[in-house]
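To start, the structure itself, in structure tokens.
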Amino acid sequence: MSWGTELWDQFDNLEKHTQWGIDVLEKFIKFVKERTEIELSYAKQLRNLSKKYQPKKNSKEEEEYRYTSARAFLATLNEMNDYAGQHEVISENMTSLITGELTRYVQELKQERKSHFHDGRKAQQHIETCWKQLEASKRRFERDCKEADRAQQYFEKMDADINVTKADVEKARQQAQLRHQMAEDSKAEYSSTLQKFNSEQHDHYYTHIPHIFQKIQEMEERRIVRIGESMKTFAEVDRQVIPIIGKCLDEITKAAESIDHKNDSQLVIEAFKSGFEPPGDVDFEDFTQPMKRTVSESSLSNSRADGKSEPKFGGKSKGKLWPFIKKNKLMSLLTSPHQPPPPPPASASPSAVPNGPQSPKQQKEPLSHRFNEFMTSKPKIHCFRSLKRGLSLKLGAGPEDFSNLPPEQRRKKLQQKVDELNRDIQKEMDQRDALTKMKDVYIKNPQMGDAASVDHRLAELGQNIEKLRLEVQKFEAWLAEVEGRLSMRSEARRQSGLYEAQNPSAVNSCAQDRESPDGSYTEEQSQETEMKVPATDFDDEFDDEEPLPTIGTCKALYTFEGQNEGTISVAEGEMLYVIEEDKGDGWTRIRRNEDEEGYVPTSYVEVYLDKNAKDVYKSLEKISE
């Protein structure tokens, strides 16, 4: 089937159809361009999504990725990044193989189409010109024939008229002959022109137009084939990345299957195990007996009821209820005395100053009084120390020996530090060995370099190695100390267990470990147990109380005799240190020296706060909240 023979008279329709074909091709190009933009946008969003959830360097998130579930999630993020890369490949291939190629092809197609239809119009114009020539020759032949007939009729009329002279007749005859000759000439010309036109018309409709239309048909068929090939390429570009995308998905599946819940649970134990033992049973205190109650480790009573503290072997007495104190109760331990402060005296005479309400002294106080006394005395310092330790941990200013951590965690941190220092030493030694070899080469071949140029660097490396070795020795000493004390604690617990098995009645008086809310720990020991169970100084290292920082000074305006629990006596005009300002309850906490501190009514003193120290104190309070 040929357009030249079947569509010889459809020149205009073919022109419209081929223009539509080019429009379809351009529409497909635009479609592919938009697809590539979507692929690029999708890949960019996937990369941003993967980057958004990647762990930040030197952050706490990096530590979380030691768990298999977190590592699987990280692997998923990395695979999604590769997945996004494949969509970028799709966009690049479609741009180069389809969009770019088809754009160039459309330009060539437009030029070819323009050339073919130009030839077609030229052929049409030529046949139209031939037709016009034929029509002109035909009209001229027709006119000459009519003129010859009229001249012949005029001659015949003149020849029949006897009144006309012979000369006029001869003239009419000659005129008729001339017209006949002109008609014959026009006839011959018309016949020649007609033959020429018929030949041109035959060539036009059977040679020129079919040839031009055949080229147009071939051009259109090439366009159709090309758009089909482009559509196949469109699919092949996607199909080529499917195996890689499949591998990405397989890796995500593999990462998900690698999650080990047992291993993660073990890692939680290793990360947070403190090495402490759970607290023992609380002793029953029989208040119905008139005899004096035995002060045990687990009792809420305190020797402060008598205004004295009995000495104990092996260290200080610590608050036992730390493991059970909730976070929202921490600041309650730092509150001032429960009684309202006394009003300032009307005169400056010390004898006229009332000392405020006095706490009644009795041989046996109710349990609630003793509990309040217990909760508002010594544990305050522990709590504030905990807050300070929490602040130091948040600010990254923890002790170098990790003494703020529980024993098991401290041992792990020290071991990690020792390993890290050993790796640094190895790196420095490798550099030193490399420089030593370079120096030997320079000595043997002076033209390659100056051997003395590396001496300075070798000396620096030697100093660095020596410093790192000293650091390793320091941390190894701390590590050995911690491990030794842990073994001593285990031995102490073993002996304590043997003693408890032999003396069931004394079980509740054995030493128990206590953990405070900040991650440090305290330990209680009663006199009975300490005489029977070997004591260690392990707890003292972690329980050394740190004094509260001073935030200013104050001057006593009046004399105050502190007789209530938690108060301190001051003399008029005495200068003291402020360690806690009034929180709205009318009491200010002050310190005379390292061993004497307590609360005084705010109206009895004139306070001079240090701005910098006050800011630090407020930071501590915010952290505690």
**Message:** Compute, for the range 399-455, the length of the dipole vector about the Cα centre, with Cβ point charges of +1 (Lys, Arg) and -1 (Asp, Glu) only. Units Debye, rounded to 20.
**Reply:** 200
**Asked** Over the range 1-56, what percent of the accessible surface lies on carbon and sulfur atoms, probe 1.4 Å?
**Response** 56
**Message:** Let me make sure I get this right: for the range 1-153, a, b and c are the square roots of the gyration tensor eigenvalues over alpha carbons, sorted descending. Under 1.5 in a/c it's rounded, otherwise prolate if a/b > b/c, else oblate. Which is it?
**Reply:** prolate
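If you wrap a convex hull around the alpha carbons of the range 29-116, what volume per residue comes out, as a whole number of Å³?
77
How big is the dipole moment of the range 18-121 about its Cα centre under a simple scheme where the beta carbon of each Lys and Arg is +1, that of each Asp and Glu is -1, and everything else is neutral? Debye, nearest 20, please.
280
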**Prompt:** What residues qualify as long-range amide H neighbours of G275, i.e. H under 5 Å apart, gap of 5 or more or another chain, H built at 1.01 Å from N?
**Reply:** E408
**Positive-end residue of N445, Q426, L414, charge dipole of the range 407-449 with Cβ unit charges** = L414
**Complete:** Karplus ³J(HN,Hα) for the range 273-288 (6.51 cos²θ - 1.76 cosθ + 1.60, θ = phi - 60°; Hz, whole; x = Gly/Pro) runs 5, 9, x, 7, 9, x, x, x, 5, 7, 6, 7, 10, 8, 7, 7
**Asked** Counting only residues 5 or more places away or on other chains, whose amide H sits under 5 Å from the amide H of V605 once H atoms are built in the peptide plane?
**Response** L557
**Complete:** Applied in sequence order to the range 469-484, the curve 6.51 cos²θ - 1.76 cosθ + 1.60 (Karplus, θ = phi - 60°) yields integer Hz couplings, x standing for Gly and Pro, of 5, 5, 4, 4, 4, 5, 6, 5, 5, 4, 5, 4, 5, 5, 5, x
**Item:** Accessible surface, the range 29-76, averaged per residue in Å² (probe 1.4 Å)
**Value:** 73
**Message:** So with the 1.4 Å probe, I'd like the accessible area per residue for the range 239-282, rounded to whole Å².
**Reply:** 73
**Message:** With a 1.4 Å probe and all protein chains left in place, how much of the accessible area of the range 91-220 comes from carbon and sulfur atoms, in whole percent?
**Reply:** 49
**Complete:** Given pairs K57/K427; K51/K417; K273/K474; K16/K122 and cut-off 26 Å on Cα-Cα distance, the over-length ones are K51/K417
**Net dipole in debye of the range 110-161 [+1 Lys, Arg Cβ; -1 Asp, Glu Cβ; about Cα centre; nearest 20]** = 720
**Request:** Beyond 22 Å between alpha-carbons counts as too far, so tell me which of K166/K187; K30/K232; K146/K187 fall in that bin.
**Result:** K166/K187
**Item:** In Hz, Karplus ³J(HN,Hα) per residue of the range 34-47 (6.51, -1.76, 1.60; θ = phi - 60°; x = Gly, Pro)
**Value:** 5, 5, 5, 5, 5, 4, 5, 5, 5, 5, 5, 5, 5, 5
**Asked** Long-range amide H contacts for G552: which residues qualify at under 5 Å (H placed 1.01 Å from N, peptide plane, sequence gap of 5 or more or a different chain)?
**Response** V578, D610
**Solvent-accessible area per residue, Å², over the range 88-228 with all protein chains present [probe radius 1.4 Å]** = 64
**the range 412-465 - percent of accessible surface contributed by carbon and sulfur, probe 1.4 Å** = 51
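The values are calculated or read from the model by the stated rules, or taken from the named source; none is laboratory data. This structure is a prediction, so every number in the text was calculated from the model and none was measured. With ideal geometry, Cβ positions are generated from the backbone for all residues, glycine too; neighbour counts draw on all protein chains shown. For the accessible areas, the whole protein counts, side chains as well, though only heavy atoms, and no ligand, DNA or RNA atoms are used. Shrake-Rupley method; radii C 1.70, N 1.55, O 1.52, S 1.80 Å.
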